[in-house]
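Undergrad: One structure is given below, represented as structure tokens, and several questions about it will come after.
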Ligand SMILES: Nc1nc2c(ncn2[C@@H]2O[C@H](COP(=O)(O)OP(=O)(O)OP(=O)(O)O)[C@@H](O)[C@H]2O)c(=O)[nH]1
Ligand SMILES: [Mg+2]
């Protein structure tokens, strides 16, 4: 049989599933779940460092999609000094660990000792934060991180403060000011011997503005493929593109869920899939409530932005059942031979492949509904925030 393994992003993944399916379909389903679990648990360790008061803990919270006063957020403020490395697990993705590290200046260690002290090996990359020009310590640390063959990114924080100050001056131009700050940071780093450093200008209180998205995109491109999804799912929704990227991550898994559902003659993971979409797009009750509190709108207003009641799991399940039964009825007419080959390639043929195809389509429809909901909520919230600054 011609095996369209190109339909599986990961060839090894495909081969392992096929091998298990050759033994029995149940083993195949178990293997799929094992591999999906492995993927879900891919660790991503992010180190945030920088001098005292530079905005590390606030940035940690922004990355985790939390406000400073949310439960379990990193303590921030002028006197809340980060004295020792503190781990903040992502609230929705426990495999993503963000480490709030004390600034090198507060430890009095030289750069090499500092890295040893914070166990640098475990980090996938470092973010070095400064709310002014980068200082000698930041540069020394960057050089040492480079020597250890790890990656680092410079974040110039509190850009909103700078802009607010500059705004009061005559002839203010936001773009010019932003570019002046960026160039000033880059020149400073180059003067200290760092070649073509990249600096991201960020406001942790307004992550949808300035370079926060660019930082996310850069990290995503530079991470190894198996870590990329972990980052994408954990990224807060700060623009519509992130919603699209999250969709792609979820979409890639649908064929596996469809196969497991058909082999098991039920959908053992439907609950998990719904939870995954709800939290991935911030449409679970808790996230929506937090968002409503943050922007000062009643929860019911946010819910009304969505076409379907996506935060209610039981209602989503009922909706899915309807979609699935419709899809089963129309499956014969609409089978896409290349896509249904996905299933025959792993040994699900005939009516099983057809069934998989219907389930696959239905989960896709469900995902589309969540994407649509996330886009509506994001757009409406952004409009509301812009109209009520
Ligand atoms: N306006 C604005 N204020 C910020 C931003 N980031 C941090 N701050 C403020 O800067 C102060 C210090 O922020 P923290 O996040 O606690 O700084 P830190 O680097 O963790 O500080 P230490 O742990 O003491 O080293 C707090 O009052 C924050 O509210 C930002 O992007 N914009
Ligand atoms: Mg701190």
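Undergrad: Looking at 154, 126, 200, which is the one that is in a strand (DSSP E or B), under 30 Å from residue 252 (Cα atoms) and not assigned by TED's automatic domain parsing to the domain that holds residue 378?
TA: Sole residue among the options that is in a strand (DSSP E or B), under 30 Å from residue 252 (Cα atoms) and not assigned by TED's automatic domain parsing to the domain that holds residue 378: 126.
Undergrad: Would you confirm, using the coordinates I've provided, whether residue 134 is outside the structural domain of residue 378 (by TED's automatic domain parsing), at pLDDT 95 or above and within 29 Å of residue 64 (Cβ to Cβ)?
TA: Details: outside the structural domain of residue 378 (by TED's automatic domain parsing): yes; at pLDDT 95 or above: no; within 29 Å of residue 64 (Cβ to Cβ): yes.
So residue 134 does not fit the description; no.
Yes/no per residue for (1) in contact with a strand residue (DSSP E or B) (Cβ under 6 Å, 6 or more places away or on another chain); (2) in contact (Cβ under 8 Å) with a residue 24 or more places away in the chain; (3) within 21 Å of residue 124 (Cβ to Cβ); (4) away from ligand 2 (no atom under 11 Å from the Cβ):
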position	(1), (2), (3), (4)
76	no, no, no, no
81	no, yes, no, no
97	yes, yes, yes, yes
100	yes, yes, yes, no
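Undergrad: In the same structural domain as residue 259 (by TED's automatic domain parsing), at pLDDT 90 or above and out of contact with any strand residue (DSSP E or B) (no Cβ under 8 Å at 6 or more places or on another chain): is that true of residue 283 in this structure?
TA: Answer is yes for this residue.
Undergrad: For the range 186-209, what are the residues that are within 16 Å of ligand 1 (Cβ to nearest atom) and either surrounded by fewer than 18 Cβ atoms within 10 Å (Cβ to Cβ) or modelled with pLDDT under 95 (or both)? Before you say what the answer is, go through the steps one by one.
TA: Taking the range 186-209 as the starting set, the residues that turn out to be within 16 Å of ligand 1 (Cβ to nearest atom) are 199-209.
Within the range 186-209, 205, 206, 207, 208, 209 qualify.
Undergrad: Looking at the range 153-179, I want the residues that are free of Cβ contacts under 8 Å to residues at least 24 places away in the same chain and have a partner that is in a strand (DSSP E or B) with Cβ atoms under 9 Å, at least 6 apart or on another chain. Which pairs are those?
TA: 162/156; 162/201
Undergrad: Among the numbered criteria (1) within 24 Å of residue 244 (Cβ to Cβ); (2) at pLDDT 90 or above; (3) in contact with a helix residue (DSSP H, G or I) (Cβ under 7 Å, 6 or more places away or on another chain), which one does residue 297 miss?
TA: Of the numbered conditions (1) within 24 Å of residue 244 (Cβ to Cβ); (2) at pLDDT 90 or above; (3) in contact with a helix residue (DSSP H, G or I) (Cβ under 7 Å, 6 or more places away or on another chain), the odd one out for residue 297 is (1).
The values are calculated or read from the model by the stated rules, or taken from the named source; none is laboratory data. Only a predicted model underlies this, so the values are computations on that prediction, with no experimental measurement involved. For neighbour counting, all protein chains shown are included, and Cβ atoms are generated from backbone atoms with ideal geometry for every residue, glycine included.
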